[in-house]
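The values are calculated or read from the model by the stated rules, or taken from the named source; none is laboratory data. In this text the structure is predicted, and so the values were computed from the model without any measurement. Cβ atoms come from the backbone with ideal geometry, glycine included; neighbour counts cover every protein chain shown. Remember, those area values only see protein heavy atoms, side chains included, never the ligands or the DNA or RNA. Shrake-Rupley method; radii C 1.70, N 1.55, O 1.52, S 1.80 Å.
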Amino acid sequence: MAEPADENSPQARRDFLKKAGAAGAAVMISGMVSGLFPGMAGAASGGIGADFADMDATGLAAAIKARRISPLEAINAAIARAEAVQPQINCISQTLYDRARQRAPLIDLTAPFAGVPYMVKDEADVSGTATHFGARLDRLMPIQQRSDPMIMLSEKSGLNIFARTTRSEFGILPTTETSAYGVTRNPWELSRTPGGSSGGAAAAVAAGIVPMAHGSDGAGSLRIPASNCGLVGLKPSRDRITAGGHSMVGGKINVSSWLGVTFCVSRSVRDSANLLSLLEMSGADAVLPPVGRVTGPPARRLRVGYVMNGLGGHTPDPEVVRSVQSTLKLLESLGHRVDERRWPFDGEAFLEDFTLIYTARARDRKKTIPPEMAALGTRILEGLVDPATLRMGEMSEDISDEMVARSYARIDAQSRAYFGLFDTIDILVTPVLLKPPVPIGQINGSVPFPILLLRLNNYADYSMLQNATGGPAISLPLHWTKDGLPVGVQFAGRLGDDRTLLELAFELEQARPWARRRPPVWAPAMV
């Protein structure tokens with residue numbers, strides 16, 4: 001891709017919106033113990049000591065309830081694990097150790113996740129702390145007086161927050177390499193990215209610091225790191241999660257919640273299922289019928305469709321192709337019917353519209369910048385944020401409300417066509433990414449912008465579709481390359497049908513277990 005003569009001209013910015021593709025800009029409880037999960041008691045039946053680190057969150061909560069380990073012991077053990085691997089993987093942007101230790105004796109032992117250590121992506125408001133968004137804005141960000149609704153619910157469920165995790169700056173890129181916090185590395189191979197934007201969360205869970213961690217997904221930001229780190233990454237349906245807010249307010253699209261969903265990455269399906277049952281809206285607040293508690297595989301056999309090539313027409317890396325083909329064979333062996341499908345709309349046109357909408361959010365965010373920060377001006381901000389962030393802001397200046405409205409209208413039509421696929425299938429299988437985890441340094445905010453866009457378009461191509469349509473999708477760790485790198489496979493469903501995805505995930509987890517796979521950087525072995 002040749003660099004335009006004047007990158008800063010309005011024409012160059014408009015060309016970007018047409019050519020970049022969404023990938024370039026966007027991808028950017030307890031009663032719930034072994035008795036409720038027949039055949040899955042192993043995670044909660046380990047011995048004393050290091051075995052606690054092998055448990056999933058549901059199993060660890062059961063151990064804490066049984067007083068085999070106290071909340072304070074659990075949080076101190078997690079802190080020790082974090083300190084052991086932080087120099088290698090760099091997944092923490094801020095420690096909240098004292099806060100967690102003070103809270104530990106106050107944990108309600110009847111709460112579903114009583115005393116389970118937890119880490120929060122550095123975009124959620126936690127009372128008494130500042131939120132940094134992966135940028136060098138620490139001194140400019142106010143101390144939050146109130147936590148996000150998601151954080152309050154998470155703490156009410158018994159989770160004990162002890163650190164903030166790294167992320168890409170303002171969630172723009174699908175890697176986690178920033179000038180503010182440095183490079184976050186993949187525990188499976190330190191020379192590779194864990195993905196982004198929830199890269200620190202995924203690296204922490206993959207390395208065994210915690211069994212699950214908070215994250216968010218605006219264009220694949222949970223599913224991409226889950227794929228790269230061998231984890232479960234669920235993006236719930238739009239309007240499913242309490243903290244996500246409603247996508248429609250007063251008959252108009254609420255842009256702040258239209259794309260993004262807050263949830264978690266985990267090592268076990270049951271942890272994601274249990275957390276969803278706690279965080280989903282219910283009663284008068286519910287937009288969708290509640291999923292409730294999902295505890296095992298589906299009773300019925302499913303109609304599975306698959307699409308291999310990306311929305312932009314790209315052909316995946318051979319290892320990615322193998323991951324999908326192997327998964328399809330497994331599904332057939334389990335009795336599910338598998339058929340190939342095609343994208344029911346113009347994929348490249350969709351990518352253009354998604355890119356425009358995603359970029360427009362940068363313009364909208366400017367309106368919320370504190371006056372003291374805006375007063376610094378672009379010249380000062382050049383020293384505080386990465387070049388790619390500034391370029392995104394510049395691009396957004398050429399986007400009118402009319403352009404955004406037209407893109408929303410087209411994506412609405414594309415969404416109807418997408419959900420039409422589910423008239424004849426129950427599940428859609430695709431890759432998560434075009435490639436296995438890419439090397440550190442290949443995609444970050446300091447790479448010249450035209451080169452960065454080219455690399456992005458040849459890396460991420462699938463995951464933003466479910467953010468635009470609102471449908472649920474999950475990345476499951478079903479394949480490892482010959483070099484030992486995880487490659488996730490994506491499963492998507494109709495809007496509101498999160499249950500079918502979780503039930504199938506339970507079945508695949510049982511058929512091809514991943515819980516005992518360990519990366520070379522495994523914190524419990526280092527403490």
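Brief remarks on what is shown
- Exposure of T262 as accessible area (Å², to 10), given a probe of 1.4 Å and all protein chains: 30
- Mean Cβ count within 10 Å, highest first, over the residues of peptides 392-401, 331-340, 54-63: 54-63, 392-401, 331-340
- Cut-off under 5 Å, modelled amide H: who pairs with V261 long-range: D217, G218
- Where trypsin sites (Lys or Arg not before Pro) fall in DSSP loop in segment 118-200, at most 12 other Cβ within 10 Å: R146
- Three-way shape call for segment 285-332 based on the alpha-carbon gyration tensor, with the a/c threshold at 1.5: oblate
- The 3J(HN,Hα) values that the Karplus relation (6.51, -1.76, 1.60; θ = phi - 60°) gives for segment 222-239 are, in residue order, 9, 6, 5, x, 4, 4, 6, 10, x, 10, 8, x, 9, 9, x, 4, 4, 6 Hz. Gly and Pro appear as x.
- Karplus-based coupling profile of segment 308-324, in residue order and whole Hz: 8, 6, x, 4, x, x, 5, 8, x, 4, x, 5, 5, 4, 4, 4, 6, with θ = phi - 60° in 6.51 cos²θ - 1.76 cosθ + 1.60 and x standing for Gly or Pro.
- Here's how it looks for S93: its modeled amide H is under 5 Å from those of R164, T165, T166, which are all 5 or more places away or on a different chain.
- Net charge over other residues, Cβ less than 13 angstrom from the Cβ of A204 (K, R count +1; D, E count -1): +4
- Mean separation of Cα contacts under 8 Å (6+ apart) over length of segment 81-186, as relative contact order %: 36
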